[in-house]
Each structure stands twice: as C-alpha cells, then as structure tokens.
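The values are calculated or read from the model by the stated rules, or taken from the named source; none is laboratory data. Note that the structure is a prediction, hence the values are computed from the model and not measured. Note that each Cβ is placed from the backbone with ideal geometry, even for glycine, and that neighbours are counted across all protein chains shown.
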Amino acid sequence: MKKYDVAAYIWPSYTGTGPRTRIFWDEGIGEWQTVRKAAEDDPSRALPVWGFEDEADPLVMEKQIDAAVSHGVNVFIYDWYWYDHRPFLEQCLDNGFLKAKNRSRMKFYLMWANHDVGMVWDRRNADYDDALIYQGSVDRKDFEIIVRRVIDNYFSQPEYYKIGGRPVFMVYDVMNLMKGLGGVEKTKEALEYFRKETVKAGFPGLELQMTYWNEYAVNLSGVDSEKTGSASDAVNLLGFDSISHYQFIHFTWLPEDRPYKDVVARLEEEWSQIGSKCSATYYPHVSIGWDNNPRYKNRGRTIMTGATPELFEEGLRKAKAYLDARPEMTPLVTVNSWNEWTETSYLEPDTKFGYGYLEAVERVFGKG
C-alpha cells in the first residue's frame, strides 16, 4: 500500500512551562485556561477526552505519538516562534516530543509562525486586540541567529522531516518576513544564506515552504507600498520550493461565515487555482473547522458551521486523489490541526466525536 505523509500542525501553547506565557495565561496551564473558561461560558462546547494535559510532558507526548501514528498521522508541524530576540513556546517540542521515548515513530518539522501578536491570546483583553505585544518581523542579524538555531537544534534531529533529503522549513507570514529583512531582494539574499548554511551542515539543500494565504495585495517592498503584488508573486519572486495552507479561512474565496460542506465541495478548485499560479509545488491542505470565538468573551467572529468527521474524510479523500494524480510529488498533505482547541480545529479526541477525526484519517490513509 502506498504510504502518505499526513502532517498535522501543533499549536504548542498547552503547557505552563514556557517562562513568558504567564502574560497571556496567568494560571500556569497555558491556553488550556482559555479552553476551560470558554466551556464555563458555554457548557455545550466539546472538551478534550484526555483532559487538560501538559503537552510539554514527554509521557503525555508518548501517548499522543502512539495515538497519532496508529491512526495514520505520521508528521507533526510545530508552530515555532521568535519574539524579542529569543525563542518562544519551544517547550512542547524540546521537552515533550524530543524527550519522548517513542519519538522515532514520528517525523516533525517547523513552521516559523512569524506573525505579530496582540491581545488575542489573552481572553481577559482579547476583545481589545489593538495593541502590539510581540513583533514577528526580524532583521538580518536575528535571522542569522534563527538559521543557526534551527539547523543546530532541529535539522540535526533524525526525526526531522525532509523532502528529497532536504529539511523542510515553513514560513507563515511572508509579508512580515520581507518587512523585517527589507523587501524582496534582501529577503532573497537572506533565504539564499539559509540554503547555503543548510548545505554547509551536510544536507543536500533546504526545502523552503511558504504558508499560502488568500490572494490579497502583498507589500513586496518590505518598507513602503510602492511595490505590490499577490501572494503568488511573493512565492515566485522569493523562490519558495513548496507551499501549503495553514487553515481553510486563508482560502482565496472565503471572506465570511460559511458551511463547512461548501468549503469541502470547492477544495479541488482552490488547490488547482493556486497550483496554476505558482512555480512552487502545492501540497493539499484540509482543515477540521474554524471558530476562534473561545478566545473572546464576546462572540460574533467568523466561523465555519456543520463540520463533521464524515465531511472531513471527504476532504481527505480529495487530497489523496490530488496526490495520486501527481505521482512525481512527495505524497504530503497538511492538516489543521492536532490541537487548535481555541480555533475549534483539532484531531485530538473530544467529548463530541470521540476519536472520529483520527479514525477518518485512518480510513483514508491507513495506519502510520
């Protein structure tokens, strides 16, 4: 049977061990605090079957790795952060996954979540999310420090996910990348430096992957608004090797509340449209849903309605067909997510569907 790489994003906030997390979650349990508060406000909300576990605990991660792999999820994509000249929220990866005794069963790679952060993680103040807490853009000096840390600490791990022997590194916010580095040309130079340093470390190259958002105008100059283009232009100009989505809400045609079944119905159209515009390889993406109202005291933000394991399975089957029709591609599909509880898009079992979403993965792609 053909093997597929099913890669689920991990939001590494479900721990209180991060030294700078208390400004958002003062109870010392990470964003589980938000999940619990939201359930108190709305008792109908689903909760984790496994409880509010510390996901930086290697024993917890061993259980999660076994559950993931036994249902066909064999790659974790860790959201990785760098704020104020230092890393943020590395504990789930460093203390959980990398210290798990069964880590060899699973691959992982990094998505540099280089977006700005306001109040959205602090439910006490999220409705007033107009303040900048952390800036996600970095200059060339910080970028080179990041490159060294990523190569030394993560690419060197035997479980790090590679395509054609090249470590995969994903960038979430391309506009912030260019903003910090100073536009297209300087960003290209920085990315080329990253590639060369990866080769110096003994790898055949670097697989640079970009998170694809919708086709809004992109500030390509990095410093002013005189040079604009589309997300596809940014992919092509900067030379990314591959792209995928992070969430259904980033799809080009999705500006408002929408039934989940409508999104699934148009998946092939979205994937093909992007693939025709970009020089990079597009890897299909399937989300489980979207509702980030748990992060706010006052509801009313965009949601997707009617998501079920059955509809999710339909999306996965379309992703499998997309990959099967392109045998030259690495058979990789990205999924949002393993544990985005406050965005209501997670594979971890809950009190509404149990293991339903994981079982959908296994039905389509088999066991890992």
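For the range 101-119, name all the residues that are buried (at least 17 other Cβ atoms within 10 Å of the Cβ), touching a residue at least 24 places away in the same chain (Cβ under 8 Å) and farther than 22 Å from THR334 by Cβ.
Residue satisfying the conditions is VAL117 alone.
What do you reckon, is ASP54 modelled with pLDDT of 95 or more, acidic (Asp, Glu) and within 30 Å of LYS141 (Cβ to Cβ)?
no
Against the definition (touching a Lys or Arg at 6+ places or on another chain (Cβ under 9 Å), on the phi > 0 side of the Ramachandran plot and of a type outside the set (D, E, K, R)), how does LEU89 come out, yes or no?
For LEU89, the condition - touching a Lys or Arg at 6+ places or on another chain (Cβ under 9 Å), on the phi > 0 side of the Ramachandran plot and of a type outside the set (D, E, K, R) - is met.
Inside the range 1-60, can you point out the residues that are surrounded by 22 or more Cβ atoms within 10 Å (Cβ to Cβ), among the hydroxyl-bearing types (Ser, Thr, Tyr) and assigned to a loop (DSSP other than H, G, I, E, B)?
Within the range 1-60, TYR4, SER13, TYR14, THR15 meet the criteria.
Please verify whether SER287 is at pLDDT 95 or above, buried (at least 17 other Cβ atoms within 10 Å of the Cβ) and farther than 30 Å from ASP41 by Cβ, treating the condition exactly as stated.
For SER287, the condition - at pLDDT 95 or above, buried (at least 17 other Cβ atoms within 10 Å of the Cβ) and farther than 30 Å from ASP41 by Cβ - is not met.
Would you confirm whether any residue within the range 149-157 is β-branched (Val, Ile, Thr), assigned to a helix (DSSP H, G or I) and either within 18 Å of ARG20 (Cβ to Cβ) or within 21 Å of the chain's Cα centre (by Cα) (or both)?
Yes: the range 149-157 contains one or more residues that are β-branched (Val, Ile, Thr), assigned to a helix (DSSP H, G or I) and either within 18 Å of ARG20 (Cβ to Cβ) or within 21 Å of the chain's Cα centre (by Cα) (or both).
Which residues, counting only those in the range 85-99, are buried (at least 22 other Cβ atoms within 10 Å of the Cβ) and either among the aromatic types (Phe, Trp, Tyr) or more than 17 Å from the chain's Cα centre (by Cα) (or both)?
Result: GLY96, PHE97.
Is at least one residue of the range 131-144 out of contact with any His (no Cβ under 7 Å at 6 or more places or on another chain), within 27 Å of VAL335 (Cα to Cα), small (Gly, Ala, Ser) and at pLDDT 95 or above?
Scanning the range 131-144 turns up at least one residue that is out of contact with any His (no Cβ under 7 Å at 6 or more places or on another chain), within 27 Å of VAL335 (Cα to Cα), small (Gly, Ala, Ser) and at pLDDT 95 or above.
Being closer than 24 Å to HIS250 by Cβ and among the β-branched types (Val, Ile, Thr) is the filter here, so list the residues in the range 319-367 that pass it.
Matches in the range 319-367: THR330, VAL333, THR334, VAL335, THR342, THR344, VAL361, VAL364.
I'd like the full set of residues that are closer than 29 Å to ALA280 by Cβ and part of a strand (DSSP E or B), limited to the range 312-365.
The answer is LEU332, VAL333, THR334, VAL335, ASN336, GLU340, SER345.
Does VAL286 count as outside any loop (DSSP other than H, G, I, E, B) and touching an Asp or Glu at 6+ places or on another chain (Cβ under 7 Å)?
Taking the combined requirement at face value, the residue does not satisfy it.
Could you please find all residues in the range 271-291 being within 24 Å of ASP257 (Cβ to Cβ), in contact with a helix residue (DSSP H, G or I) (Cβ under 7 Å, 6 or more places away or on another chain) and touching a residue at least 60 places away in the same chain (Cβ under 8 Å)?
ILE288
Let me spell it out: the conditions are (1) in a loop (DSSP other than H, G, I, E, B); (2) over 22 Å from HIS85 (Cβ atoms); (3) among the aliphatic types (A, V, I, L, M), and LEU98 meets all of them except one. Which number is the exception?
Tallying (1) in a loop (DSSP other than H, G, I, E, B); (2) over 22 Å from HIS85 (Cβ atoms); (3) among the aliphatic types (A, V, I, L, M), LEU98 fails exactly one: (1).
As an exercise: evaluate GLU313 against (1) farther than 19 Å from TYR4 by Cβ; (2) touching a residue at least 24 places away in the same chain (Cβ under 8 Å); (3) of a type in the set (D, E, K, R) and give the number of the one condition it does not meet.
(1)
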